[in-house]
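These notes are about the structure you will find just below.
Here, each number is a calculation from the coordinates, and none is a lab measurement. Quick caveat, the model's predicted, so the values are computed rather than measured. Glycine gets a Cβ as well: all are built from the backbone with ideal geometry, and neighbour counts include every protein chain shown.
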Amino acid sequence: MKTIIEPFRIKSIEPIRFTTYEERKHILIEAGYNPFLIRADDVLIDLLTDSGTSAMSAKQWAGIMEGDESYAGSRSFFRFENAVRKITGDKFIIPTHQGRAAEKILFFILGGEGKFIPNNTHFDTTRANIEFTGAEAVDLLNETGKHPEIRADFKGNMDIAALEKFILDKKPENIPLVMITITNNSGGGQPVSMQNIREVKEVCKKYNLPLFLDACRFAENAYFIKRREKGYENKSVLEIAQEIFSYADGATMSAKKDALVNIGGFLSLNDEKLAAKCRNLLIVTEGFPTYGGLAGRDLEAVAQGLEEVVDEHYLQYRIRSTEYLGEKILEAGIPIIEPPGGHAIYIDAKRFLPNIPPREYPGQSIVCELYLEGGVRSVEIGSVMFGKYDKATGKLIPPPMELVRLAIPRRVYTQSHIDFVAEVVIEVFKKRNELKGYEIIEEAPALRHFTAKFKPIGN
Ligand SMILES: *Cc1c(COP(=O)(O)O)cnc(C)c1O
């Protein structure tokens, strides 16, 4: 087979800035050893997130000019509504400025004290929005998904038996909805199988619970189903996506992922009463229902992006570029979540730095070193992001995994950029015995990873 190439050519470029090791050392200290606090201009290759970092196509940029900025009933809204509905099949399509705004509206209405919301793995904003209402966000990931070294096709799957047990334990009336995140971002970008989605739906039906998708990477998930699940090899990605959504009663989505735009999101749902409540809240917090906190041009770009993202040449290149980085660093003996996920490579920091315990944030240590070594920005997904404190003892309760995510922006970097990243990771791995643990010296009460400040231990 020939090399899988970028299925586009470059029309407009953006220079990236080189810095020296000494400069980066200084920058890192200034940022409190938190890459979220580094200026983007000081980053050479930015793998902090794949969110809102996509390169838009010429047609999307054309859409930006075509955008209808009418306050109510904008033409761009109807194009957006059609594009979303073509995929989700839902009656009510509500634009929001980001995924978390859709989550906030949904959980403000359905959450609250005494409620429980199960998911394969909640993403951090989803968890935060649920917990903010006093409800509890619970992860019911299948066992293979918890073991980075196990290779399996659908490590994002929900544990069906655990879900049913959970519903019986907590009582269906305390569970306003069940969620599935596709692909499972916090669990390594791993896909969920159609069979699993169908089985979750069966359980939901049995207890009369609505099923919602956190659908940020629905196209990547659909492509994995096409490649890995029996019976789907000859279906189009669009058909597969439509089948996925056919099992759901609704979805929240950040358009900053698989809609290939820099801002946007939506809520898609079928329940008329719930939709009315959502729209009422939308008007208070986001905007009128035909723009929901976005400009008409943004809606246009989302509509176009949703058409482009199900293109199979694009998805083949997308999934292959991530896998390519994963294979390169695996070959060097670096532990990652296997197999590579859709949008990112997740380094297993526990195995990379076995001598640094979770309470000294091994992931943060790798993140800092990747920046120092090559100006590569990544993000810790471990005890910094998800660690909690025991209320009685004040001790850190670490999450099951300590990870470093190298997220790949869509259509942004070329193969040589990725080769460079692999070289940087390998260089850091060679130095792993010199790496230090970190302590937190400043933190916020919620979503602390965005603003926390750190200090290397023993410095
Ligand atoms: C990004 C993301 C969100 C939140 O979307 P924003 O647009 O960043 O608010 C929710 N869930 C998952 C799985 C995500 O990846």
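Return the percentage of antiparallel bridges among DSSP beta bridges fully within the chain, rounded to the nearest 5 %.
Once the DSSP bridges in the chain are tallied, antiparallel ones form about 70 percent.
Based on DSSP, what percent of beta bridges with both residues in segment 185-339 are antiparallel, to the nearest 5?
Percentage antiparallel, nearest 5: 60.
Kindly write out, for segment 320-330 in residue order, the coupling ³J(HN,Hα) from the Karplus curve 6.51 cos²θ - 1.76 cosθ + 1.60 (θ = phi - 60°), rounded to whole Hz, with x marking Gly and Pro.
Per residue, the Karplus-derived 3J(HN,Hα) values read 5, 5, 5, 4, 4, 5, x, 4, 4, 7, 4 Hz.
What's the tally of Lys pairs in segment 303-459 whose alpha-carbon atoms lie under 18 angstrom apart, where the two lysines are 8 or more places apart or on different chains?
9
Once you order the gyration tensor axes a ≥ b ≥ c over the Cα atoms, which shape class does segment 183-314 get: rounded for a/c under 1.5, otherwise prolate or oblate by comparing a/b with b/c?
Cα axes put segment 183-314 in the oblate bin.
Pop a pseudo-label 7 angstrom from the Cα along the beta-carbon direction at both Ile426 and Arg151 and give the gap in nm to one decimal.
Label-label distance for Ile426 and Arg151, simple model: 2.0 nm.
In whole Hz and in residue order, list the ³J(HN,Hα) couplings for segment 141-153 that follow from phi through the Karplus curve 6.51 cos²θ - 1.76 cosθ + 1.60, θ = phi - 60°; x for Gly and Pro.
With the stated coefficients, segment 141-153 comes to 6, 5, 4, 4, x, 8, 10, x, 7, 7, 8, 8, 6 Hz.
Using the Kirkwood radius over Cα pairs, work out the Stokes-Einstein diffusion coefficient for the chain at 25 °C and 0.890 mPa s, in µm²/s as a whole number.
Result for D is 109 µm²/s.
With the Cα gyration tensor of segment 331-375 giving a ≥ b ≥ c as the square roots of its eigenvalues, does the rule (a/c under 1.5 for rounded; else a/b larger than b/c for prolate; else oblate) give rounded, prolate or oblate?
Judged from the Cα gyration tensor, segment 331-375 comes out oblate (a/c at least 1.5, b/c at or above a/b).
Hey, fewest Cβ within 10 Å first, where do Glu239, Glu173, Glu136, Glu220 land in order?
Listing Glu239, Glu173, Glu136, Glu220 from fewest to most nearby Cβ atoms yields Glu173, Glu239, Glu136, Glu220.
Please give every one of the lysines within straight-line cross-link reach of Lys230, meaning a C-alpha to C-alpha distance under 28 Å, and leave out same-chain neighbours fewer than 8 residues apart.
Candidates past the 8-residue exclusion: Lys2, Lys86, Lys146, Lys155, Lys201, Lys205, Lys206, Lys257.
Given the C-alpha centroids of segment 121-150 and segment 32-111, what is the distance between them in whole angstrom?
23 Å
Quick one: Asp271, Asp298, fewest Cβ neighbours within 10 Å first, how do they rank?
Least crowded to most crowded, the residues run Asp271, Asp298.
What is the extension gain from Asn234 to Phe288, computed as 0.36 nm multiplied by their sequence separation minus the C-alpha to C-alpha distance, in nm to one decimal?
Length gained between Asn234 and Phe288: 15.3 nm.
For a bin width of 5 Å, list the pair-distance distribution of segment 58-308 built from all Cα-Cα distances, rounded to whole %.
It works out to 1, 7, 14, 18, 20, 17, 12, 7, 3, 1, 0, in whole percents.
In which sequence would Thr252, Thr144 go, from the one with the fewest C-beta neighbours within 10 Å to the one with the most?
Thr144, Thr252
Go from 0 up to the bin containing the longest alpha carbon distance in segment 1-91, width 5 Å each, and give me the % of pairs per bin.
P(r) for segment 1-91, in whole percents per bin: 2, 9, 12, 14, 13, 12, 12, 12, 7, 5, 1, 0.
What FRET efficiency would be calculated for the residue pair Arg9, Ala446, taking the C-beta separation as r and a Förster radius of 45 Å, to the nearest 0.05?
0.55
Which value in deg cm²/dmol, rounded to the nearest 500, describes the helix-derived mean residue ellipticity at 222 nm for the chain, given -39,500 (n - 2.57) per DSSP H run of n ≥ 4 and division by the residue count?
Estimated from H runs of four or more residues: -12500 deg cm²/dmol.
Can you grab the distance from the C-alpha centre of segment 173-216 to the C-alpha centre of segment 375-443, Å, no decimals?
Cα centroid to Cα centroid, the span is 28 Å.
Under a 5 Å amide H to amide H cut-off, with H placed in plane at 1.01 Å, what residues pair with Phe454 once short-range neighbours are removed?
Tyr33, Asn34, Ile441
Can you tell me how much longer the chain between Arg320 and Asn82 gets when fully stretched, taken as 0.36 nm per residue apart minus their C-alpha distance, in nm with one decimal?
Contour length minus the Cα-Cα distance gives 82.7 nm.
For segment 58-308, what is the percent of antiparallel DSSP beta bridges, rounded to the nearest 5?
50 percent
So what J values fall out for segment 184-192 if you push phi through Karplus, 6.51 cos²θ - 1.76 cosθ + 1.60 with θ = phi - 60°, rounded to Hz, Gly and Pro as x?
7, 3, 6, x, x, x, 8, x, 10
I want to make sure I understand the PRE zone here: with the label point 7 angstrom from the Cα of Tyr207 toward its beta carbon, which residues in segment 145-185 have backbone N atoms less than 19 Å away?
Only 157-181 fall inside the zone, counting backbone N under 19 Å.
Computed FRET efficiency, Cβ-Cβ of Leu396 and Ile29, R0 25 Å: what is it to the nearest 0.05?
Step by step, r from the Cβ atoms, then E = 0.55.
Glu131 to Lys91: FRET efficiency via 1/(1 + (r/R0)^6), r the Cβ-Cβ distance, R0 35 Å, to the nearest 0.05?
0.75
If Lys and Arg each add +1 and Asp and Glu each add -1, what is the summed charge of the other residues whose beta carbon sits under 14 Å from the beta carbon of Gln316?
+1
Using the Cα atoms of segment 1-155 to build a convex hull, what is its mean projected area in square nanometres?
For segment 1-155, averaging the hull's shadow over all directions gives 16.0 nm².
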